[in-house]
Amino acid sequence: MIEALSFLALPALACAALVAIHAYFGLHVLERNVIFVDLALAQVAALGATAAFLLGHPPQGLAAHAYALGFTVAAAALLASTRAWSGRIPQEAQIGVVYVVAAAAALLLVDRAPQGAEHIRQILTGNILTVGWSELAWAIALYAAVGLAYPWIARALKPSGWISEFAFYAAFGVVVTSSVALAGVLLVFAFLIIPAAIGVLHATRFASQLAIAWIAGTAAAFVGLAISYASDLSTGATLVCTYGAALAIAGIARGLRRERRAKFGAALRLGRWLAAALLAASAIWIAISPRADQPLLDSLEHAFPAIRGAYMDAKSLAIGAEAAAYGRRYRDEADKLRAREAERRWKGEPLDEEEVRRIASFEKSYNEMIRGEEFVTREVRSRAREAKRWWIAGAFLLVAAILAVSLPAWRSIPRSAPR
């Protein structure tokens, strides 16, 4: 646990900083109805970084940041100038044009760059797990400066003037330029829109929306990092999916909050009937075919591993734990090989043919050993389930019966008066 907390401390701090500044700008983006301006400016920043990469500058160097910032400020000036066209051409369409042109130009540039595909992948997905303290401290200082300066500038300028529009897009572009280098284009979009959308769902005042966005966005980021670490999944993709799930939960919560009491009670009863039916079906299935896949039991064991102790003896548990430990060890070794290969390619040091063959051979051996340990784990578990099938099925049926018996009779409930 201490090792996990130490490893995730900097990524968690980076996520909190990104949520803090992007939730603020996200509320302004939703208010202005320019939802995809983040993607457009992020892609323009990526175009600038790609141009610097093509000219021989390091991907994370000062020159790459300078090119990205210059391209972004130019795009901010363009978007501020085209605001006057929004009466005839919606600004969202203009933003879409900026995005698609920047993306196409970046693809044209990387065609001429060595390791260009890897560079584009890095820009899109980022790698927030490898963020260092020096770059994070610099980013936090930048976010604090922009977050303090922009509200003051916005109040001092005429709301509908060109300078006001440019100030918004430029301030936002400065933030996005740094954020793309830390987290990638896709994750930055999630940081911007989803926490702000959750805030707008549950509050009407700006201060309340911002507070909800900060709390929900930071909590979702921490959950996503924990899931990524525990399940050995891609961090960026896991965080984006976690944010999507958070928005869905926030939408359901808002719907439930606004539903009448009778409808909520009906939904609760329906859910309990479905749970009882699922438990009964699982009981029948495990009694008929205990060695087959058992989705419900597998899910319960994944969430609460101690359940295995109810039907597996100490020897079986020890064999399964030993096989799982060996599997994790082989998986870690395979991950180290892949990380070493990716690092060499990213640094522009391609592997020779002999090294590629050797790494491929090691990876194949590790994968075969992983599958062997997984087979041992499944076999021990399947034998224990087969031996205790009637006990497991009986427990499932008992819980299903308790749920069914405790359900109130279906009856009409008077509707409450509309609010």
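Throughout, read-outs are computed from the coordinates displayed, never taken from laboratory work. Only a predicted model underlies this, so the values are computations on that prediction, with no experimental measurement involved. For neighbour counting, all protein chains shown are included, and Cβ atoms are generated from backbone atoms with ideal geometry for every residue, glycine included.
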Inset, instruction - Would you please give the residues with an amide H less than 5 Å from that of ILE35, counting only those at least 5 places away or on a separate chain, with H modeled from the backbone geometry? - result: none
Inset, instruction - Kindly put ARG269, ARG385 in sequence by how many other C-beta atoms sit within 10 Å of each C-beta, fewest to most. - result: ARG269, ARG385
Legend entry - Residue order, fewest to most surrounding Cβ atoms within 10 angstrom, among PHE36, PHE172: PHE36, PHE172
Inset, instruction - Compute the length gained on full extension between ALA314 and ALA404: take 0.36 nm times their separation in residues and subtract their Cα-Cα distance, giving the result in nm to one decimal. - result: 29.0 nm
Legend entry - R0 of 22 Å, Cβ-Cβ distance LEU300-ALA230: FRET efficiency to nearest 0.05: 0.80
Inset, instruction - Under 16 Å from a label point 7 Å along Cα→Cβ of ALA324: give me every residue in the stretch 375-392 with its amide N that close. - result: 375-385
Inset, instruction - Set the Förster radius R0 to 41 Å, insert the Cβ-Cβ distance between GLU31 and LEU270 as r into 1/(1 + (r/R0)^6), and round the FRET efficiency to 0.05. - result: 0.60
Inset, instruction - Over the alpha-carbon set of the stretch 271-406, divide Rg by the Kirkwood Rh and report the Rg/Rh ratio to two decimals. - result: 1.19
Inset, instruction - Give, in nm to one decimal, the length gained when the segment between ILE307 and LEU108 is fully stretched (0.36 nm per residue of separation minus the Cα-Cα distance). - result: 66.1 nm
Legend entry - Potential extension, ALA145-HIS202 segment - 0.36 nm per residue separation minus Cα distance: 17.7 nm
